[in-house]
Amino acid sequence: MTLPNELVRALQQSRSVVVLTGAGISAESGVPTFRDAQTGLWAQFKPEDLATPEAFRRNPKVVWEWYAWRRQLVAQVEPNAGHRALVELERRVPQFTLITQNVDGLHQRAGSRSVIELHGNLTRTKCFEEGAAVDHWEETGEVPPRCPRCGGRLRPDVVWFNEMLPPGVFECALAASRSCDVFLSIGTSALVHPAASLPLDALKRGATLVEINPDDTPLTAHVHFRLRGPAGVILPALLRALGPASG
Ligand code: NAD
């Protein structure tokens, strides 16, 4: 595939790159995006019925089981060529920050180091009442299991709709976005706030804005370069276009 020369040059000369990823980058690993995840057993539920504190209060068993299903699915898949290309990009850019909305941990499994997880990670568990991280608990058959400290229900350590992001996390993402010279938005529908504002903040500060997605999003109209297609194809091509790593 042919990539715009100006984009390749901007990346080669860049001192600081920020990447924002969404569910689309994991699609080629076999992790469904939110829209695709509503299949089979779970087709009857909307994300708002499964990923909100209200949903958990109403039906904690259903929510726990949905995340248990996703946790099991993620454990069975592997990072793909898109995740791996971002590991390589991190090695080649002086300053690199990967901001992800994904909760699947695939970037870290691929080898990315500097990862800001905006929405938590579904492999971790915390107490619904106190919010404290919980690593071990007794399996009594009750679903969800209980917090060994306070007896509250356990929940996945992810950020649900209508919840605040973990303290400090968005501030770090915003600071990186405001100081980068190239910003890549990859595999995100650019609809979930506050993550969706980050590319526009980067743009306001003069960054070159790039989108990699097979479909248009609300961000598309604002970007300098729109690379239409799957991340697992476009990112390796972009890395090849950068040429051999120096040093
Ligand atoms: P989204 O499901 O709203 O959008 C996915 C985007 O990826 C779409 O724009 C789609 O066109 C694009 N896409 C699909 N296949 C692609 C590919 N091969 N390469 C590049 N792009 C591709 O996802 P979102 O924007 O991340 O927002 C939804 C929320 O759902 C997030 O908060 C996230 O935490 C959560 N979520 C996470 C996972 C995960 O961890 N893997 C999966 C589903 C949902």
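The values are calculated or read from the model by the stated rules, or taken from the named source; none is laboratory data. If you're wondering where the values come from, they're calculated on a predicted model, not measured in any experiment. Please note: Cβ atoms are built from the backbone with ideal geometry, for glycine as well, and neighbour counts cover all protein chains shown. With ligands, DNA and RNA removed, areas are computed over all heavy atoms of the protein, side chains included. Shrake-Rupley method; radii C 1.70, N 1.55, O 1.52, S 1.80 Å.
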message: Checking GLU54 against (1) closer than 23 Å to ALA43 by Cβ; (2) buried (at least 16 other Cβ atoms within 10 Å of the Cβ): exactly one of these is not met. Which one?
response: (2)
- request: Determine, yes or no, whether GLY168 is open to solvent by less than 60 Å² (accessible area, probe 1.4 Å), closer than 24 Å to GLY105 by Cβ and without any contact (Cβ under 8 Å) to a residue 12 or more places away in the chain.
  value: yes
message: Cβ-Cβ distance below 9 Å, separation of 6 or more or different chains: which pairs start in the stretch 7-24 with a residue that is open to solvent by 20 Å² or more (accessible area, probe 1.4 Å) and end on one that is within 16 Å of the ligand (Cβ to nearest atom) and of a type in the set (Val, Ile, Thr)?
response: ALA10/VAL210; ALA23/VAL31; ALA23/THR33; ALA23/THR188; GLY24/THR33; GLY24/ILE186; GLY24/THR188; GLY24/ILE212
query: If you check LEU239 against the conditions, is it free of Cβ contacts under 8 Å to residues at least 60 places away in the same chain, over 17 Å from GLY22 (Cα atoms) and more than 12 Å from the ligand (Cβ to nearest atom)?
result: no
- prompt: Quick check: anything in the stretch 68-81 buried (at least 17 other Cβ atoms within 10 Å of the Cβ), closer than 19 Å to ILE25 by Cα and of a type in the set (A, V, I, L, M)?
  reply: yes
field: Among the residues listed as GLU90, GLU54, the single one being under 22 Å from LEU239 (Cβ atoms), in contact (Cβ under 8 Å) with a residue 24 or more places away in the chain, out of contact with any helix residue (DSSP H, G or I) (no Cβ under 6 Å at 6 or more places or on another chain) and of a type in the set (Asp, Glu)
entry: GLU90
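Working only within the stretch 220-232, note down all residues that are more than 8 Å from the ligand (Cβ to nearest atom), open to solvent by less than 80 Å² (accessible area, probe 1.4 Å) and under 27 Å from ALA110 (Cα atoms).
Across the stretch 220-232, the qualifying residues are PHE225, ARG226, LEU227.
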task: Taking the residues in the stretch 185-210 that are surrounded by 17 or more Cβ atoms within 10 Å (Cβ to Cβ), within 11 Å of the ligand (Cβ to nearest atom) and not hydroxyl-bearing (Ser, Thr, Tyr) as candidates, determine which candidate is nearest to GLN13 (Cα to Cα).
output: ILE186
message: Among the residues that make up the stretch 95-111, is at least one of them open to solvent by 60 Å² or more (accessible area, probe 1.4 Å) and assigned to a loop (DSSP other than H, G, I, E, B)?
response: no
- prompt: Out of curiosity, is LYS46 surrounded by fewer than 20 Cβ atoms within 10 Å (Cβ to Cβ), over 18 Å from the mean Cα position of the chain (by Cα) and within 16 Å of the ligand (Cβ to nearest atom)?
  reply: yes
- request: Just need a number here: residues in the stretch 112-154 that are hydroxyl-bearing (Ser, Thr, Tyr) and open to solvent by less than 30 Å² (accessible area, probe 1.4 Å).
  value: 2
- request: Identify, by number, the condition in (1) part of a helix (DSSP H, G or I); (2) within 23 Å of LYS126 (Cα to Cα); (3) more than 16 Å from the chain's Cα centre (by Cα) that CYS172 doesn't meet.
  value: (3)
